[in-house]
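Read the figures in this text as sums done on the coordinates, not as results from a lab. Just so we're clear, the structure is a prediction, and the values are computed from it rather than from any experiment. When we count neighbours, we look across all protein chains shown, and the Cβ atoms used for this are built from the backbone with ideal geometry, even at glycine.
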Amino acid sequence: MVVVMKAGASPEQTEHVVELVKEMGLRENVIVGEERTVVAVVGDDRFKDRGRLQAAPGVDKVVKILAPYKQASREARTERSVVAAGTSASFGGKQIGVIAGPCSVESRDGFLKVAEAVKDAGAVGLRGGAFKPRTSPYAFQGLGEEGLQIMAEAREKTGLMICTEVMAVEQVDLVQQYADVLQVGARNMQNYNLLAALGKATKPVLLKRGLAATLDEFLLAAEYIIDGGNPNVILCERGIRTFEDYVRNTLPLAIVPELHRVSHLPVVVDPSHGTGKSYLVEAMAKAAVAAGADGLIIEVHPDPEHAMTDGAQSLDHEQFKQMMASVKRIAQAVDREA
Ligand code: PEP
Ligand code: MN
């Protein structure tokens with residue numbers, strides 16, 4: 001269940017509710033919203049006396065949660081969450097945040113070039129992998145900490161926030177020293193130790209949907225991070241594996257409005273991994289925005305033909321500029337800004 005405090009409830013009243021929850025043998029997670037505070041009650045509450053909580057001072061209502069994910073659900077929080085990233089980006093508000101950059105950070109010069117280009121075109125964040133999850137152990141695995149340093153330099157030069165993947169629990173401390181947003185890759189969506197560790201992280205998490213994860217599994221993965229203490233989760237649809245092979249992955253855009261219906265978390269779409277083909281990216285980026293996406297994550301490379309990873313799905317600078325112009329028009333049509 002979830003205890004929704006009244007709009008003007010005092011911190012002491014919330015604290016009292018927390019004490020009652022503990023007395024009942026349950027655990028709590030307090031989510032302080034812009035308008036109201038919500039106390040998510042964690043544990044088997046089926047046979048507990050909800051009336052005690054309902055009667056406590058400052059309580060507006062006690063809501064029974066039906067979804068398996070309690071804290072990520074719309075029942076827990078009716079208003080949409082806005083997740084701030086870095087100093088100027090946010091996801092879930094009016095702005096559609098576009099994060100762009102190469103699949104992998106390959107070199108300082110190349111990354112600084114792409115950073116300037118995507119900034120000029122209107123991106124709010126830079127992407128780039130320093131730790132790469134590769135299918136083959138013989139393929140390029142990323143530059144590691146050197147890649148993070150290059151990204152940090154690009155942030156300094158452009159003012160754009162940086163988003164990069166963290167693959168393992170042992171990397172969380174290092175990656176969050178540099179990054180503004182910690183990306184969980186599709187292959188790690190069900191790495192529950194990593195999700196729990198990110199619950200203790202101080203930076204927002206961009207959680208990519210697993211290659212074969214259902215919507216419930218996706219939101220339960222987000223639940224691990226929120227329940228661990230980090231409410232700043234951005235969901236990212238990046239396509240799923242299907243029988244279809246004209247694309248790298250099938251991009252199921254109906255999940256965008258469906259996630260908005262069942263969850264308050266912002267939703268970003270990755271049409272680069274979602275199609276695997278650069279010539280399909282712009283159309284799917286526009287469709288994602290029309291469907292209500294709160295952001296996009298796009299692979300951009302100065303010379304896609306020679307990219308070390310994911311060149312076939314990367315836009316060059318000119319293509320990205322053109323994509324941004326058309327995404328802006330769609331954004332306006334759905335009363336958003338890009
Ligand atoms: C990436 O963003 O480069 C990446 C590896 O994505 P995914 O985890 O979605 O495959
Ligand atoms: Mn990639």
Linear extension gain, THR135 paired with LEU26, 0.36 nm per residue minus alpha-carbon span | 35.0 nm
In segment 85-193, taking the dipole from +1 charges on Lys and Arg beta carbons and -1 charges on Asp and Glu beta carbons about the Cα centre, the listed residue (ALA115, LEU182, SER90) farthest towards the positive end is SER90
The alpha-carbon center of segment 185-214 and that of segment 220-245 are separated, in whole Å, by 6
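Where Lys and Arg each count +1 and Asp and Glu each count -1, what net charge lies around GLY129 among other residues with Cβ under 14 Å from its Cβ? All intermediate terms of the calculation are to be shown ahead of the outcome.
Numbers: positive: ARG127, LYS132, ARG134, ARG187, LYS208, ARG238; negative: GLU106, GLU145, GLU146, GLU165, ASP270, GLU299, ASP310.
Charge balance in the 14 Å sphere: -1.
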The chain pair-distance distribution - Cα-Cα, 20 Å bins, rounded % = 32, 54, 14, 0
Given the options VAL39, VAL166, VAL233, state which has the largest fluctuation in a GNM of the chain using a 10 Å cut-off (strictly under) for Cα springs.
-> VAL39
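What is the local net charge at GLN13, summed over the other residues whose Cβ is closer than 15 Å to its Cβ (Lys, Arg +1; Asp, Glu -1)? Could you put the intermediate results ahead of the total?
Numbers: positive: LYS6, ARG36, ARG52, LYS61; negative: GLU12, GLU15, GLU19, GLU28, ASP60.
Residues close to GLN13 contribute a combined charge of -1.
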Okay, helix-only estimate at 222 nm for the chain: each DSSP H run of n ≥ 4 adds -39500 (n - 2.57), divide by all residues, round to 500 deg cm²/dmol; what do you get?
-> -10500 deg cm²/dmol
Residue separation between GLU318 and ALA283 times 0.36 nm, minus their alpha-carbon distance, gives in nm 11.0 nm
Fewest-first ordering of ASP227, ASP44 by Cβ atoms within 10 Å yields ASP44, ASP227
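By count of other Cβ within 10 Å, fewest leading, how are CYS103, CYS236 ordered? Present the calculation step by step, with values, prior to reporting the outcome.
Details: CYS103 24, CYS236 30.
So the residues, fewest neighbours to most, are CYS103, CYS236.
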With the label point 7 Å along the Cα-to-beta-carbon line of LYS48 and a cut-off under 13 Å to each amide N, the hits in segment 62-84 are 62-65
Packing-wise, with mean Cβ within 10 Å as the measure, how do 135-146, 295-306 rank, highest first?
-> 295-306, 135-146
Looking at the chain, send over the antiparallel percent of its DSSP beta bridges, to the nearest 5.
-> 40
In a Gaussian network model of the chain with springs linking alpha carbons closer than 10 Å, the residue among VAL256, VAL42, VAL175 that fluctuates most is VAL42
Taking Cα centroids, how far is segment 157-178 from segment 11-44 in Å?
-> 31
Cα-centred dipole magnitude for the chain, charges only on beta-carbon of K, R (+1) and D, E (-1), debye, nearest 20 = 720
